[in-house]
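Enquirer: Provided herewith is a single structure, encoded as structure tokens, for subsequent inquiry.
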Amino acid sequence: MIGFTRKPRSSMLAPFVLLFALFELSGCVRRGQRYSDIQTPTPLRREDTLILGFMGGRDSWQDEDVGVGRLAAKLRKAELNGVHVETVENLKRGLALKFVKHSLDCDGNGELDRFERSSVRLILYGQSFGGAAVVKFARQLNELAVPVLLTVQIDSVGRGDEMIPANVTAAANFYQDTGRLIGGAKNIRATDPNRTAILFNRRIDYRNSDVQMRRLPWYKKAFRTDHLKMDNDPDVWQEVELLILHAIEQE
């Protein structure tokens, strides 16, 4: 009998992980988001609220079929007083940072003083790679001493996306770990618990859940069904919306 050595699970899954990455990057030939695509005029008024939604994967900033885009469209339609909503592709954090600086720079001198840094209430949310972008962007703002009222991660995928910086007042995390390959960050934690409240780390099990999903190519569904279920789960997005609305109402 000829013996053989069973390959470790990580080696067996490696080709599928590579395929996932290639499919995620398959949209790189499109134009991509530009600063001119942002519609919100700057600077914003003091005490206005700016909500930034970071898109997942290679989703376009203007895609309203995915969770981040759907919620942004709904919030815009509500026409909340003093509330501005923009969506940003997760690889465009530089664009987002430029936009936030312009939003805060009330006197237009290119410098942010301590009053300008806290003049606008910032809320960040994102799904998948967009969830990781939320944390990375919050850290960039932390370096500028710009506070963030709320961060919400939805099945966040990325390295180092579990440590929430001290400039964030409150943070919430939704995740699933029942998918074949992709699971979100399980346990977000505050860098400084005295300054950041972790509202919850909520695990959702989709193994026996029948979530209605929009029509997608087979390669997008093949290895990340549960990840996509969370993106299409109305209960999750309703709760994200409630978290954001509650933060807006805070004095």
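The values are calculated or read from the model by the stated rules, or taken from the named source; none is laboratory data. What you see is a predicted model; the values in this text were computed from it and never measured. Positions of Cβ are generated from backbone atoms using ideal geometry, with glycine treated the same way; all protein chains shown enter the neighbour counts.
Enquirer: Of the residues that make up the stretch 142-159, is at least one among the basic types (Lys, Arg), touching a strand residue (DSSP E or B) at 6+ places or on another chain (Cβ under 7 Å), surrounded by fewer than 20 Cβ atoms within 10 Å (Cβ to Cβ) and in a loop (DSSP other than H, G, I, E, B)?
Expert: no
Condition check ((1) closer than 24 Å to residue 139 by Cβ; (2) at pLDDT below 95) across all residues:
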position: 161; (1), (2): yes, yes
position: 170; (1), (2): yes, no
position: 178; (1), (2): no, yes
position: 190; (1), (2): yes, no
position: 206; (1), (2): no, yes
position: 216; (1), (2): no, yes
position: 222; (1), (2): no, yes
position: 235; (1), (2): no, yes
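Enquirer: Where residues in the stretch 160-182 are under 17 Å from the mean Cα position of the chain (by Cα) and charged (D, E, K, R), which of them is surrounded by the fewest Cβ atoms within 10 Å (Cβ to Cβ)?
Expert: Going through the qualifying residues, I end up with 162.
Enquirer: Assigned to a helix (DSSP H, G or I) and at pLDDT below 95: is that true of residue 57 in this structure?
Expert: Taking the combined requirement at face value, the residue does not satisfy it.
Enquirer: Only residues in the stretch 83-109 that are of a type in the set (Ser, Thr, Tyr) count as the first member; pair them with residues that are surrounded by fewer than 19 Cβ atoms within 10 Å (Cβ to Cβ), Cβ under 6 angstrom, at least 6 apart or cross-chain, and list the lot.
Expert: 103/42; 103/43
Enquirer: Suppose we filter the stretch 68-109 for residues that are in a helix (DSSP H, G or I), of a type in the set (S, T, N, Q) and under 15 Å from the mean Cα position of the chain (by Cα); how many remain?
Expert: Let us first name the residues in the stretch 68-109 that are in a helix (DSSP H, G or I), namely 68-78, 93-104.
Checking the rest, the ones that are also of a type in the set (S, T, N, Q) come to 103.
Then drop every residue that is not under 15 Å from the mean Cα position of the chain (by Cα), which leaves none.
Of the residues in that region, 0 qualify.
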